[in-house]
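The values are calculated or read from the model by the stated rules, or taken from the named source; none is laboratory data. From a predicted model like this one, the values you see are computed outputs, not experimental measurements. Ideal geometry is used to build each Cβ from the backbone, glycine not excepted, and the neighbour counts take in all protein chains shown.
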Amino acid sequence: MNARVKFAAAVAILAVIGMGTAAVADNVRARETLTGYEEVPALSTPGVGDFQIDLNQAGDALDYTLTFSGLETDATQAHIHFENRTNNGNIVVFLCTNLGNGPAGTQACPAAGGTISGTITAANIGAGAAGQGIAAGEFDEFVRALRSGATYVNVHSVGRPTGEIRAQLDDNNRGDG
């Protein structure tokens with residue numbers, strides 16, 4: 001091979017590697033702190049939490065971990081909702097529940113606080129936000145909402161049934177610095 005062909009091949013290989021790196025860089029990854037101050041309306045509570053979410057390389061599953069503590073009363077359920085930070089929105093994904101109201105296979109919430117983790121796929125996207133354009137199973141629509149900052153995670157409790165701690169999910173808050 002002559003030098004030009006070798007150079008062109010090297011550029012092509014670097015372009016492919018660069019596209020792979022760009023795909024990883026475009027990943028949905030967020031780490032958020034849940035507080036009562038992000039509830040609507042805002043609440044003063046000793047409850048706090050941490051939520052991490054990360055889209056896998058295939059782009060078809062989101063791994064998450066939710067840790068919370070200090071709620072004023074026992075936790076009842078936790079979800080991801082679809083709405084901006086100034087409003088309450090519909091449930092898109094059940095993370096846990098102690099009320100028996102989640103889809104089959106929904107894990108129990110640690111009532112006094114603790115950690116849960118799991119994976120969200122198209123099968124976990126419920127119909128709660130169908131009126132807003134995210135129908136059951138529409139994983140790509142859900143990921144677009146996550147990327148735009150139009151979703152939030154919420155932990156509900158016995159004393160605060162509409163939510164005690166909350167965090168808007170923001171793909172720009174990657175928890176990496």
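Assorted remarks:
- Residue in region 64-72 that is modelled with pLDDT of 95 or more, loosely packed, with under 14 Cβ neighbours inside 10 Å and at negative phi present: no
- Spans of strands (runs of 3 or more DSSP E) in region 62-124 with at least 2 residues touching a Cys at 6+ places or on another chain (Cβ under 8 Å) and more than 19 Å from Gln168 (Cβ to Cβ): 75-82, 90-97
- Per the conditions (1) modelled with pLDDT of 95 or more; (2) under 15 Å from the mean Cα position of the chain (by Cα); (3) not aromatic (Phe, Trp, Tyr), the sole criterion not satisfied by Ala136 is (2).
- Pairing each residue of region 39-65 that is closer than 13 Å to Tyr152 by Cα with any residue that is part of a loop (DSSP other than H, G, I, E, B) and among the small types (Gly, Ala, Ser), provided the two are 6+ apart or on different chains, yields C-beta distances under 6 Å for Glu39/Gly163.
- Qualifying residues in region 46-63 (those that are at pLDDT below 95 and of a type in the set (S, T, N, Q)) - the one nearest to Ala127 (Cα to Cα): Asn56
- Residue match in region 125-145 (condition: free of Cβ contacts under 8 Å to residues at least 40 places away in the same chain, of a type in the set (Lys, Arg) and not in a strand (DSSP E or B)): yes
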